[in-house]
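**Q** Take this structure first; my questions come after.
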Amino acid sequence: MRALVWHGKEDIRCDEVSDPQIEDERDAIIRVTSCAICGSDLHLYHNYVPAMLPGDIMGHEMMGEVVEVGKGINGALKKGDRIVVPFTIICGQCDQCKRQNFSVCERSNRKKNLGEKVFGHATAGLFGYTHLTGGYPGGQAEYMRVPFADATHIKVPDSLTDEQVLFLGDIFPTGWQAAAQCDIEPTDTVAIWGCGPVGQMAIRSALLLGAKQVLAIDCLPERLSMAAAGGAITINFAKESVVERLNDLTGGKGPEKCIDCVGMESHVSLAQPDTIYDRAKQMMLLENDRPHVLREMIYVCRPAGVISIPGVYSGLVDKIPMGQAMNKGLSFRMGQTHVNRWTGDLLHRIEEGQIDPSFVITHTVGLEQGPEMYKVFRDKQDSCIKVVLKP
Amino acid sequence: MSVADRLTNITRSPGDPKVLKAGPSALGATDNLAHKLSWFSIALGVVELVGAERIAGALGMRGKEHLIRAYGAREISSGILSLSVDKQAGLWSRVAGDGLDIATLLAAYRHDNPKRDNVGLALAMVAGISLLDVIAAKGVTARHSRGATKPRDYSDRSGFPGGLAAARSASRSGRTQEPGAA
């Protein structure tokens, strides 16, 4: 079969690879009908997240049709079922899964020792996301094996298109969780840094969860236009001061809730010297992540506010103003998404026509064009916001 | 299949797909040239740092060893930057560095310099490398820039088929709206 394979920094190729095989009785094999390139795939593309190896198959947003099931599936899935695969692999039985803390499932990371050394305790296995999280082959392929498939799936009805439900596997619940963990009140202003795909989902989620107003921060006109379409007031940080504008829009008090949909690769700008400092340190391997957005959120957030972080950070950050955060009494909520905690509700909202996540798709291409689309997406060319691949 | 692919296959379980035939790299010719120039820059920088005395002697530039070492540090910085994802900045910094090198060598290309021939040879080499640097820098910039096309307007993509107000109302009341309802 064909798959998009990581061969090194900025070197993704469409390779011929062997077909996946059932290994465990709880496995299933799916024929991938749609998959997507996620913003966090770019961190791997840039080789910023450790423990990628040449030959690793990319992709953690995918869906398809079940073509083979292991003996232990026990009727949870059958051939022909149409499923979205959450990017977090879950056993459904461990203590964390029972608490719906699915992204820290205690059993699904098959390279647990590596994860424990780096994180202290291992997190869940993730598809196509380094050997720290199991080294599982991803879904940017014609077929993929789904471990713990009896729990790791979201069944979707035939009445909905792939484009409507594909993002249930990652960016929609990720944006939703980012907003939900803010405990939004009707009087709240929610400020969202980054209007990429997760930011777009977070904007709409915050509005559906009842925010008084949502302020969206980015510098790309196409992203800002999509953010405004979703109901946000936009701030172009290349043209205006984020701090001044946020204070203006909140009567000088700052937003109660701040969401970081940027993560470890914040924009580098001469106008923001700390971003150059971070970039230089990151290049010299003295710092993993560029936390400009975190610093700005801590500075501008209203005292007793919430900082929500769905954006991916990989390791060490520098110059975080903990004094500001502590004295202002800020709460931090973060983590990989507990996908299946949210998908029942979100699927229902899609089915009923409350929201249609397909709005975010700007490019749809075949798998063989995937390597080029990584470049287009990374370089923000052709107004690209979200790429869907059709194997 | 590359040696790296073969080696990393030992980390994979029996049921995992393994590379049978690698596809073409999506890296462009200028990306590859930039990669090679980056490593050349780092190697040259190391030579300038550790061999400053010999270089100064060969070019008739005794007393300029500190300058040569500083240029070595500059070469290494440019090389690291060119290897990073910000390779455009690294390559343009190499072009600027080439200008400095040429200016310094021209100053040493005096008739009273007994090593004038060596300086001439060095100038020819720097000119050749400068040409490659300019080609790589222009090529990489063109390949990875956003381009001059007008950004698309996505202001018709709300994501709320029935409108924002109806979606918020349905969400607030815990009920859901009829598809298409205003």
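The values are calculated or read from the model by the stated rules, or taken from the named source; none is laboratory data. Keep in mind it's a predicted model, so treat the numbers as computed, not measured. Note: ideal-geometry Cβ built from the backbone for every residue, glycine included; neighbour counts use all protein chains shown. All accessible areas refer to the heavy atoms of the entire protein, side chains included, with ligands and DNA or RNA removed. Shrake-Rupley method; radii C 1.70, N 1.55, O 1.52, S 1.80 Å.
**Q** Normalising by the residue count of the range B:27-143, find the relative contact order in percent from Cα pairs under 8 Å and 6+ residues apart.
**A** 31
**Q** Please compute the modelled spin-label separation between A:N47 and A:H348, points set 7 Å along Cα→Cβ, answer in nm with one decimal.
**A** The answer from the label model is 4.7 nm.
**Q** Out of the total accessible area of the protein assembly as shown (probe 1.4 Å, heavy atoms of protein only), what percent is carbon and sulfur?
**A** Answer for the protein assembly as shown: carbon and sulfur cover 57 percent of the accessible area.
**Q** Would you work out if the range A:253-391 is rounded, prolate or oblate? Take a ≥ b ≥ c from the square roots of the eigenvalues of the alpha-carbon gyration tensor; rounded if a/c is under 1.5, else prolate when a/b is larger than b/c, oblate otherwise.
**A** Oblate, since a/c reaches 1.5 and b/c is not below a/b.
**Q** What total accessible area, in Å², is buried where chains A and B meet, using a 1.4 Å probe and rounding to the nearest 100?
**A** That pair hides around 4800 Å² of surface in total.
**Q** Please work out whether chain B counts as rounded, prolate or oblate from its C-alpha gyration tensor, where a ≥ b ≥ c are the square roots of the eigenvalues and a/c under 1.5 means rounded, while otherwise a/b larger than b/c means prolate and anything else oblate?
**A** prolate
**Q** Separate question: With all protein chains present, calculate the accessible area of B:T104 using a 1.4 Å probe and round the result to the nearest 10 Å².
**A** 30
**Q** Can you tell me, using C-alpha contacts under 8 Å and at least 6 residues apart, the relative contact order of the range A:1-105 as a whole percent?
**A** Worked out over the range A:1-105, it gives 25 percent.
**Q** Seen from all sides and averaged, what is the projected area of the convex hull of the Cα atoms in the range A:83-196, in nm²?
**A** Directional mean of the projected Cα hull area for the range A:83-196 stands at 9.4 nm².
**Q** If Lys and Arg each add +1 and Asp and Glu each add -1, what is the summed charge of the other residues whose beta carbon sits under 9 Å from the beta carbon of B:S38?
**A** Value of the local net charge: +3.
**Q** Can you give me the long-range amide H partners of A:D56? Hydrogens built in the peptide plane at 1.01 Å from N, cutoff under 5 Å, separation of 5 or more residues or another chain.
**A** Placed amide hydrogens put A:W6 under 5 Å from A:D56.
**Q** Could you bin all the Cα-Cα distances of the protein assembly as shown into 20 Å bins starting at 0 and give me the percent of pairs in each, rounded to whole numbers?
**A** Result, from short to long distances: 20, 50, 24, 6, 0 percent.
**Q** Taking only pairs that are 8 or more places apart or on different chains, how many Lys pairs in the range B:27-143 have Cα atoms under 24 angstrom apart?
**A** 4
**Q** Send over a whole-number figure in Å² for the accessible area per residue of chain A, probe 1.4 Å.
**A** 34
**Q** What residues have an amide H closer than 5 Å to that of A:R333, excluding those fewer than 5 places away on the same chain, when H is modeled at 1.01 Å from N in the peptide plane?
**A** HN-HN under 5 Å from A:R333: A:I307, A:S308, A:I309.
**Q** Please report the net charge: other residues with Cβ closer than 15 Å to the Cβ of A:L220, K and R +1, D and E -1.
**A** +2
**Q** Additional query: So who's got an amide H within less than 5 Å of the one on A:D188, skipping anything under 5 residues away but keeping other chains? H placed 1.01 Å off N, in plane.
**A** A:K212
**Q** Probe radius 1.4 Å, ligands and nucleic acids left out: which of B:R172, B:R12, A:R31 has the largest accessible area, and how do the rest follow?
**A** So, going from the largest accessible area down, we get B:R172, A:R31, B:R12.
**Q** Another question about this same structure. Spelling out what I want: for every residue of the range A:261-278, take phi, set θ = phi - 60°, compute 6.51 cos²θ - 1.76 cosθ + 1.60 (Karplus), and round to whole Hz; glycine and proline get x.
**A** Per residue, the Karplus-derived 3J(HN,Hα) values read 9, 10, x, 6, 10, 5, 4, 9, 9, 4, 6, 10, x, 5, 6, 6, 4, 5 Hz.
**Q** Using only protein heavy atoms and a 1.4 Å probe, report how much of B:E53 is accessible, in Å² to the nearest 10.
**A** Rounded to the nearest 10, the figure is 80 Å².
**Q** Suppose each label sits 7 Å from its Cα in the direction of the beta carbon; what would the A:V67-B:D153 distance come out to in nanometres?
**A** For A:V67 paired with B:D153, the spin-label model returns 4.5 nm.
**Q** So, counting K/R as plus one and D/E as minus one, what does the shell of residues with Cβ under 12 Å around A:D95 add up to?
**A** Result for the neighbourhood of A:D95: +2.
**Q** Something else about it: Keeping all protein chains in place and using 1.4 angstrom, which order do B:R6, A:R290 fall into by accessible surface area, from largest down?
**A** Result of the area sort, largest leading: B:R6, A:R290.
**Q** Which order do A:F102, B:F40 take by accessible area at a 1.4 Å probe, largest first?
**A** B:F40, A:F102
**Q** Let me ask something additional. Tell me, what ³J(HN,Hα) does each residue in the range B:10-15 have, in order and in whole Hz, if you take phi through Karplus 6.51 cos²θ - 1.76 cosθ + 1.60 with θ = phi - 60° and put x for Gly and Pro?
**A** For the range B:10-15, the Karplus-derived couplings read 5, 7, 9, 7, x, x Hz, x marking Gly and Pro.
**Q** Let me ask something else. With only alpha-carbon atoms in the gyration tensor, what are the semi-axes of the equivalent ellipsoid for the range A:173-334, in Å, largest first?
**A** Whole-Å semi-axes of the equivalent ellipsoid: 23, 17, 15.
**Q** For the range A:46-55, take each phi angle, set θ = phi - 60°, evaluate the Karplus expression 6.51 cos²θ - 1.76 cosθ + 1.60, and give the result in whole Hz per residue in order, putting x for glycine and proline.
**A** Result, ordered by residue: 8, 6, 8, 9, x, 6, 8, 10, x, x Hz.
**Q** Follow-up. Counting pairs of alpha carbon atoms under 8 Å apart in space and at least six apart in sequence, what relative contact order in percent does chain A give?
**A** Once normalised by length, the contact order is 17 percent.
**Q** If you don't mind, another one. Please work out whether the range A:1-140 counts as rounded, prolate or oblate from its C-alpha gyration tensor, where a ≥ b ≥ c are the square roots of the eigenvalues and a/c under 1.5 means rounded, while otherwise a/b larger than b/c means prolate and anything else oblate?
**A** oblate
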